[in-house]
Amino acid sequence: AQSVTQPDIHITVSEGASLELRCNYSYGATPYLFWYVQSPGQGLQLLLKYFSGDTLVQGIKGFEAEFKRSQSSFNLRKPSVHWSDAAEYFCAVGPQGGNKLTFGTGTQLKVEL
Amino acid sequence: GAGVSQSPSNKVTEKGKDVELRCDPISGHTALYWYRQSLGQGLEFLIYFQGNSAPDKSGLPSDRFSAERTGGSVSTLTIQRTQQEDSAVYLCASSSGATNTGELFFGEGSRLTVL
């Protein structure tokens, strides 16, 4: 069965600092990988996705993520965090050719001014 | 519509009552999903529709939960005899159904509180 682990429940960073959110997955084949963001009172919005090819993917709002097959990881990064990035971030895995996604438990990001 | 629409946005009910939650997906999206978001639990898959049929309902937690979709569009999630553990945010998502995109578009959710 597929699963996603986000080991950090809460992370606090200062505005302007760099950010890395961790995601590890368990899946029997090469998965589709996603990062979603949920701002308070909002639905989830797709930040970026990996299907194949270049293992470093760029997303919206200056985010990027790197797929590392050997580590079963898909960590999310941003070089300089803005106060508006405060939100909850979810990593998800899905099967190739399918749409059913399995989500991690999320990482709550707080940005200190 | 422009996005996925869910109603009601908030629902408070008494234990034992039935509730219905509605989802109106993006026009033309053939796939529709229900997820449940509980505090600290992430998103829990409930059911998936392709058109009006539900090829995967493996996440429905009990027979008190049911869902239907009509006209390949609107979906209703029904919870019978609600229990306090049903309190959560119920999220609906839709996608184009194409097998090479994977992107789900989410509504803002229906927050259910069972007293």
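FRET efficiency for residue A:77 and residue B:57, Cβ-Cβ distance as r, R0 = 30 Å, nearest 0.05? Working shown, then result.
On the way: r = 37 Å, r/R0 = 1.22.
After rounding, the FRET efficiency stands at 0.25.
For the stretch A:3-112, report the accessible area per residue in Å² (1.4 Å probe, heavy atoms, rounded to an integer).
On the way: 4870 Å² over 110 residues.
Spelled out: the 1.4 Å probe surface of the stretch A:3-112, per residue, equals 44 Å².
Ranked from highest to lowest mean number of other Cβ atoms within 10 Å per residue, what is the order of the peptides A:14-21, B:42-49? Intermediate values should be presented prior to the final figure.
Values: A:14-21: 14.0, B:42-49: 21.0.
Order by mean packing, descending: B:42-49, A:14-21.
Carbon-plus-sulfur fraction of the accessible area of the protein assembly as shown, 1.4 Å probe, in percent?
On the way: 4870 of 10610 Å².
Of all accessible area on the protein assembly as shown, carbon and sulfur atoms account for 46 percent.
Starting from the coordinates of the alpha-carbon atoms of chain B, obtain the Kirkwood hydrodynamic radius over all distinct pairs and give the value in Å to one decimal. Kindly include the intermediate steps, with their values, before the conclusion.
Values: mean 1/r = 0.0713 Å⁻¹.
Hydrodynamic radius (Kirkwood, Cα pairs) of chain B is 14.0 Å.
For chain A, what does the relative contact order come out to in percent, with C-alpha contacts under 8 Å and a separation of six or more? Could the numbers behind the result be given before it?
Details: 279 pairs, mean separation 42.5, N = 113.
Contact order relative to length: 38 percent.
Using θ = phi - 60° and the Karplus relation 6.51 cos²θ - 1.76 cosθ + 1.60, list the HN-Hα couplings for the stretch B:44-49 in order, rounded to whole Hz, with x at every Gly or Pro.
Rounded to whole hertz, the list is 9, 5, 10, 7, 10, 10.
Would you mind calculating the gained length between residue B:10 and residue B:50 on full extension (0.36 nm times residue separation, minus the Cα-Cα distance), in nm to one decimal? Intermediate values should be presented prior to the final figure.
Working: separation 40, 0.36 × 40 = 14.40 nm, distance 2.67 nm.
Stretched out fully, the residue B:10 to residue B:50 stretch lengthens by 11.7 nm.
Chains A and B: buried accessible surface, both sides, probe 1.4 Å, rounded to 100 Å²? Working shown, then result.
Numbers: alone 6070 and 6210 Å², together 10610 Å².
For A against B, buried area totals roughly 1700 Å².
Sort B:34, A:83 from largest to smallest accessible area, using a 1.4 Å probe on the heavy atoms of the protein chains.
Largest accessible area first, the list is A:83, B:34.
Any chance you could run the full-extension gain for residue B:38 through residue B:115? It's 0.36 nm times the residue separation minus the Cα-Cα distance, nm to one decimal. Mind showing how you got there, number by number?
Details: separation 77, 0.36 × 77 = 27.72 nm, distance 1.57 nm.
That works out to 26.2 nm of additional length.
Along Cα→Cβ, 7 Å out, is where each label goes; now give me the distance between the ones at residue B:84 and residue A:30 in nm to one decimal.
4.9 nm
The values are calculated or read from the model by the stated rules, or taken from the named source; none is laboratory data. In this text, all values refer to a predicted model and were calculated from it rather than measured experimentally. Cβ atoms come from the backbone with ideal geometry, glycine included; neighbour counts cover every protein chain shown. For accessibility, only protein heavy atoms count, side chains too; no ligands or nucleic acids. Shrake-Rupley method; radii C 1.70, N 1.55, O 1.52, S 1.80 Å.
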